[in-house]
Amino acid sequence: MKLSTDGIRKILCIKLKGIGDVVLSSIVFDSLIAAFPQAEIHYLTEKPSEPLLKKLPFIKKVHLFRKKEQFGGLKTIADIRQEKYDLILDFYSNPRTALITFLSGAKYRAGFPYRGRAYAYNIFGPEERALYHAADLHLKFLENAGICVTASKLHFGTEKADDDFADRFWQETFPTGEMVTGISPTGGWESKKCDPEKMFEFADAVQKRYNHRILILWGPGDEEDAEKIFNMSEGSFTLAPKCGITEMGALIKKCSGMIANDSGPMHIAAAVGTPVLGLYGPTDPRLQGPYGSKNRYYRLEDLECIGCNLLICPKHHECFRQMPAEKVASVYGEMIESSSHV
């Protein structure tokens, strides 16, 4: 079906899964606003991504997928159906979101043409996903749907209270004008997470070579690794306070740069404009790397098992354990120097 821009008053974007995936999908918002200036944009996601979407002024409503409730799927379908959307963009396109889209009653239903799910859609995104970076894939999706791509900017929602929180913490913790490097030990899979001992080595090398202060950013599930890194530093690093995801985004925004695993915080850094060095092992930085020209990634490309995509490493995590700290610090320093001229 050919999409007509006439009569589009309500649009729903769908992306479940992790915060980083939702941040990457935010690249479509500027183009949607330009193409449909009178339309409301809504979003269906999961609970962890709700705060960052609610704080984007152009997102009028956030729906949560009720996967843990009894009959949650049926309730979600009912919620979406009663909204009477004109256009649904299912960037996730798994069996559940395909069914939600199919039963929505929307005139235009766009999704990826995966086997067993194409029935749900009358407009299709690209068949081959591995040809594009995950952010660019969303733009290609829009192009396939007949929507003009006008921008390629990631978005992350914060509000004044988040920025005030970060400002207070900065004033109480760091001398004015001091360079601060953020590090994040988090990762969605065990194999994507750099060993805390190695993360300490990388941060310690940056601190000694460039005289940066080190801020350890952490979230739920990261407490043990964050504490371990802090203890290894013997107090020379700073442990960020417990905070929500949008407050963490405000802290990241104030950092001079960041070192992170392939994770939500890495993509948040790219969205808020903080140069970020992504550390990669089982995943492919060409597809999921930090988005934007200011950012860099480092991976041991010659390692036999690199890019395995396994959730748990069956070996000894060589993809991170064999990374030389001085090389990581060198790549990080080149990124900071280059980004200062962008």
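The values are calculated or read from the model by the stated rules, or taken from the named source; none is laboratory data. Treat the numbers as computed from the prediction; the structure is a model and nothing was measured. Counting neighbours? That spans all protein chains shown, and the Cβs are built from the backbone with ideal geometry, glycine included.
Structure summary
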item: Residues of the stretch 80-95 satisfying the condition of being more than 26 Å from the chain's Cα centre (by Cα) and either modelled with pLDDT under 95 or loosely packed, with under 14 Cβ neighbours inside 10 Å (or both); result: Gln82, Lys84
item: Residue match in the stretch 191-203 (condition: surrounded by fewer than 17 Cβ atoms within 10 Å (Cβ to Cβ) and free of Cβ contacts under 8 Å to residues at least 60 places away in the same chain); result: yes
item: Residue that is farthest from Lys54 (Cα to Cα), among those in the stretch 160-211 that are assigned to a helix (DSSP H, G or I) and among the small types (Gly, Ala, Ser); result: Ala205
item: Count of the stretch 104-121 residues which are under 13 Å from Ile14 (Cβ atoms) and either surrounded by fewer than 21 Cβ atoms within 10 Å (Cβ to Cβ) or among the small types (Gly, Ala, Ser) (or both); result: 6
item: Residue satisfying all of: in the stretch 139-171; among the polar types (S, T, N, Q) and touching a helix residue (DSSP H, G or I) at 6+ places or on another chain (Cβ under 7 Å); surrounded by the most Cβ atoms within 10 Å (Cβ to Cβ) among these; result: Thr158
item: Qualifying helices (runs of 4 or more DSSP H) (wholly inside the stretch 284-342; at least 2 residues being of a type outside the set (Asp, Glu) and within 17 Å of Trp189 (Cβ to Cβ)); result: 285-288, 318-321
item: Number of the condition not met by Pro196 [criteria: (1) at pLDDT 95 or above; (2) more than 22 Å from the chain's Cα centre (by Cα); (3) not aromatic (Phe, Trp, Tyr)]; result: (2)
item: Any chance Val23 is over 18 Å from Ala106 (Cβ atoms) and part of a helix (DSSP H, G or I); result: yes
